[in-house]
Each structure stands twice: as structure tokens, then as C-alpha cells.
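So the structure is just underneath, and the comments pick up after that.
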Amino acid sequence: MNKVVLFFVLAALFFSGFLINSPIHAQMETEPPELQLLQPPVEPPQEETLEGEVIKVLEEKQITPSGTAVSQLYQKLEVLITDGSIKGKKVEIENGNFPVVNTPKFKIGDQLVVSFGKDFEGNDRFYITDYVRRSPLFWLFVIFVGLTVFIGRWQGASSLVGMAISFLVIFSFILPRISAGYDPVWIAILGAIVIIPATFFLSHGLNKKTWIAVAGTIIALVLTGIIANFFVYFAKLTGFASEEATFLQAYRPGVINIQGLLLAGIIIGVLGVLDDITISQSAVVQELKQANSQLKASDLYKRAMNVGRDHIASTVNTLVLVYTGAALPLLLLFIDSSRPFSQVVNYEIIAEEIVRTLVGSIGLILAVPITTLIAVYLSPKFTSRD
């Protein structure tokens, strides 16, 4: 087991040195003049984001804005600014006087995000951009943490610490490095090397079972990355199917590898579901070996794989449903289309989701026999519960 620990320590140090000192797509220190001209100029913001509370509905009616034949809700609201440079000031804001797809109906007490700026004549201009949602998000998080700790006890609490570490790695290392121009795939892999042991050991303890799950997860993740890389290039996916990717390229042209960003997203997404299946297979082998120490390696592998196949069936179905649920509005658009299915699946925005789902499922499937083989090979070590 000491050799396994040494292997992962050396691997982490190798990848750390390689990525920090030799980024594949590092941002250039001196950018070409044409790229410098394309970048947006640094100017002081023309608008300020405020927060406010609706204290009075001054007017409410149905109107038909010019340029459209569809009527919509119009409201004139009195809003008390609760955050920003004019905090404490009461302002009147009109909403629904321009054609929009969906006009919300605001009521007294609603917390709103308000954009504040000046028009061409220098007059104050306010318009509502969104709701303030921090309060419901906070209470939802409190319920989540409370149930995790109450039902999961110390394991639940330690898993929350692991989740915090994952977010810390993502927001303090992965995203800043990708934004700086480093290769997204390598950064995602390096981030995974940090996230996997941290989350696994905090959730399941520092023991042989967890080390086996860590090894199985990293091997399955590397294979998943190779498969994802092949089919992203084979299917000629550019990564520009989403508006966010197009905006990134327009805002920072030539800095971020958008195709690599698609691959990094697949790797991180698969990482989130490998934990369950690898730790389960490692635990199954451990329990079987401790229940019957006379089991041959072949029988042990066969019995563990019987459980693993059931796990594959349920987990793959879960993964497909998760991706389908996330893309439901998009799928509805194509269902209502008159185009045949063969044309619909050819669109890059649909092809991306298909590749993401199938590659993730392949990674899950591969993780079962890989983790089981490692656990069976090390099964003589399972002489006690550790």
C-alpha cells in the first residue's frame, strides 16, 4: 500500500510541475496587436447595479407595446433602494413598457435587482433586471447542511468539508487558470488529482478501501478523458454551441481554448459521479473477502461484478436522466421542430449533450471492472476492517 501512496504523490507532483511551468495554452505575455485591438477597452462602468424593495404598486394594467400585437402586463412601481450609492432613496420604475417574452408581476415586498444609469440627457434611468434570490438559496443550503449532518452524522459533516474543498479547488485554481489561458483539460486533470483524494478520504476515511476507490477513479477518469478527447475531435465539436462559449471567445479572443473547455467540463462532470460507484465496488470486495477469506480471486471478482452490474444499470440511467433534465428546454425546442430526428441530432448543441452523456456513461461502466480488479488484487490485505 505504501507503493500506491508513493505513486499518487509522485504523480501529483509531476503534473503540478508540468502544468505550472509548461502550460500548453498559456496566455501570451505580449499579445499580437490585432488581439489587443479586439479586446474591450477598460472604461468605468456606465451603469450601477442596485438592490431595492417594492413598497407600492402605483399603476398596473395591460398594454400593447408598439411594434407588437400581443398585450402584456405594465406596472409602475415605487421602489426603496436598499443597497447601492443611493441607498435609502425612493424611486419610480416602469416595467413592461417594452416588448418582452415574459413579464413578471411584481408585488409589495419583492426584493429586486435594479440597474441604475443615465440617459442621453443626463437623467436618472432605472430598470428592473431580476429578483434578489439570496434568502431562499440560503435557507435551502441550511436545510441541505442540516439533513446531511443529522442523517449522515460525522460522515455527512466530513463530506461537506470535502465539498467545500472541491469548490475551493474549482474557484481558486481551475477557473482562474483556464481564464488565464492554460489548457483546460490539463488543468481539470490536475484539479481532479487534488479533489479526488481530499473528498474521498474525508467522506470514507483513510483506509485501504478508499485508496482502492481513489486509484480506480483516477484510472477511469484518465480513460474517460482519452475517449472524450477522441470523440470530441472525431465529431468535430467546436464547443461554440452555447452562448456562453461564444461570449467568452468574443470577450477574450484567442485566450481560452473553447474546445478544451468542453473536454474539461466532461471530465469534471464525470468526476462527480465516479465516487459512488468506485467506493461501492471497493466496499463490496472488502465485505466479501471478510465474510469468506477462502474465496479465490476469480470467484471474488465474479461475485463483486454481479453487484457492480446492478450498480451500472442504475447509475447510467441516473446519469442520462440528470443530463436530460438539464437540457429539457432545449430538447422541447427540437421536439416541436418539423425537422427529422436525423437532422436534429446533427446539431452541435444536441451532439455535445449526446457525447457528454455517453462518454460519462462509458466512464462509469469502465470504473466498475477497474476498481473491482484493483480491489481483488489487494484483497489479501483485507484481513481487518480498516
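Considering only residues that are β-branched (V, I, T) and within 17 Å of E92 (Cβ to Cβ), look in the range 114-148 and name the one that is nearest to the chain's Cα centre (by Cα).
Looking at the filtered set, the residue picked out is T129.
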Task: Selection status of I196, part of a helix (DSSP H, G or I), at pLDDT 85 or above and over 20 Å from the mean Cα position of the chain (by Cα) - done: no
Task: Any pair with Cβ under 6 angstrom, 6 or more apart, that starts in the range 225-250 at a residue that is over 11 Å from V355 (Cβ atoms) and ends at one that is hydroxyl-bearing (S, T, Y) and at pLDDT below 80 - done: F240/T246
Open item on the list: Residues to consider are L300, L373, L295, L330; find the one that is out of contact with any His (no Cβ under 7 Å at 6 or more places or on another chain), surrounded by 13 or more Cβ atoms within 10 Å (Cβ to Cβ) and outside any helix (DSSP H, G or I).
Closed with: L295
- [ ] Determine whether V214 is closer than 21 Å to I266 by Cβ, in a helix (DSSP H, G or I), modelled with pLDDT under 85 and in the same structural domain as V169 (by TED's automatic domain parsing).
- [x] no
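The values are calculated or read from the model by the stated rules, or taken from the named source; none is laboratory data. Computed from a predicted structure; not experimentally measured. Here Cβ is always computed from backbone atoms with ideal geometry, including for glycine, and neighbour counts include all displayed protein chains.
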